[in-house]
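The values are calculated or read from the model by the stated rules, or taken from the named source; none is laboratory data. No experiment lies behind these values; they were computed from the predicted model shown. FYI the Cβ positions are ideal-geometry reconstructions off the backbone, even for glycines, and counts take in every protein chain you see.
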Amino acid sequence: MNLETYTQNEINFVNDHYQDNLLKELSQKFKKDGYVKLKNFIRLKPYQLIMEEISILEQIATHKNFTMKPYNTPRQLSVIGGSQIVNNSPFLLSLYYSSEVRSVLTKIVDEKIVECRHPEEFMVINFLLNKRSTHGWHLDDPPYALIIFIESPSCYSDGGLLEFISDWKDFCKRNDFHPYKDIEQAVKKAKKLGYVHQHWHEKQDAYILRADKNLHRALT
């Protein structure tokens, strides 16, 4: 089945094992942790087409190397924002608007999923391609983030990690830190106390994160 056929019809992106029993289990875990890994989330054929699209779009990615306010944490990566996706890839846009994907996410977070209105941030492709790449510590404005892995290092020790600290503002309040001004010191304290969660994902995996409450970063 070619790309044109996929864009003419509703696409089945999600693998068959994401049925009600598993979704209930994932929902319970998400309520507890604010994070769930979605192992082998994307079907093989759509995954291959997503990968092809992204490999074409990579040439228009913008390299970023700056410190993000108010967190004062680094960004060293290349990015394709939402407007570029809208203008260049109807197929990738169909992933964002997939009723199947939204149904799965709704059952896991146990809440209605609404669209992000930011024209650049609603859907983003991030490239972290070398050992210094990072999308440094931050919170998101929208409550939920779905991250899909198109490529990943072959093993945990090679990087490609998500790190997060649950209920960040509550942690800072309990430990007398400012949630934006004291990031470095607060993260050190969280690591010492064993509060920093670290997860590795393979290609075709995904995860859902409560991104407005859990301070998080991606790094290689």
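Got a sec? Which of 125, 108, 147 is in contact with a helix residue (DSSP H, G or I) (Cβ under 8 Å, 6 or more places away or on another chain), in contact (Cβ under 8 Å) with a residue 60 or more places away in the chain, within 24 Å of residue 67 (Cα to Cα) and crowded, with 17+ Cβ neighbours inside 10 Å?
Working: 108 fails: within 24 Å of residue 67 (Cα to Cα); 147 fails: in contact with a helix residue (DSSP H, G or I) (Cβ under 8 Å, 6 or more places away or on another chain).
When all the criteria are applied, what remains is 125.
Name every residue in region 160-170 that is modelled with pLDDT of 95 or more and either buried (at least 20 other Cβ atoms within 10 Å of the Cβ) or not in a helix (DSSP H, G or I) (or both), in order of residue number.
If the condition is that a residue be modelled with pLDDT of 95 or more and either buried (at least 20 other Cβ atoms within 10 Å of the Cβ) or not in a helix (DSSP H, G or I) (or both), then 162, 163, 164, 165, 166, 167, 168 are the ones that fit.
So that you can scan it fast, the table gives a plain yes or no per residue for (1) in contact with a strand residue (DSSP E or B) (Cβ under 6 Å, 6 or more places away or on another chain); (2) β-branched (Val, Ile, Thr):
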residue	(1), (2)
76	yes, no
83	no, no
86	no, yes
92	no, no
103	no, no
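Hey, among 86, 36, which residue is within 18 Å of the chain's Cα centre (by Cα) and either small (Gly, Ala, Ser) or at pLDDT 95 or above (or both)?
36
So residue 152 fits all but one of (1) touching a residue at least 60 places away in the same chain (Cβ under 8 Å); (2) within 25 Å of residue 51 (Cα to Cα); what number is the exception?
(1)
List every residue pair whose Cβ atoms sit under 9 Å apart, with the two residues 6 or more apart in sequence or on different chains, where the first one lies in region 167-180 and is touching a residue at least 60 places away in the same chain (Cβ under 8 Å) and the second, anywhere, is hydroxyl-bearing (Ser, Thr, Tyr).
Sorted first by the residue in region 167-180, then by its partner, the pairs are 180/71.
Please specify each residue of region 198-219 satisfying the condition of being out of contact with any Lys or Arg (no Cβ under 7 Å at 6 or more places or on another chain) and within 22 Å of residue 131 (Cβ to Cβ).
198, 200, 202, 203, 216, 217, 218, 219
Which strands (runs of 3 or more DSSP E) does region 3-98 wholly contain that include 1 or more residues that are touching an Asp or Glu at 6+ places or on another chain (Cβ under 9 Å)?
Filter on region 3-98 gives 35-38, 73-80.
Right, residue 136: in contact with a strand residue (DSSP E or B) (Cβ under 8 Å, 6 or more places away or on another chain), buried (at least 18 other Cβ atoms within 10 Å of the Cβ), modelled with pLDDT under 95 and not hydrophobic (A, V, I, L, M, F, W, C) or not?
The answer is no for residue 136.
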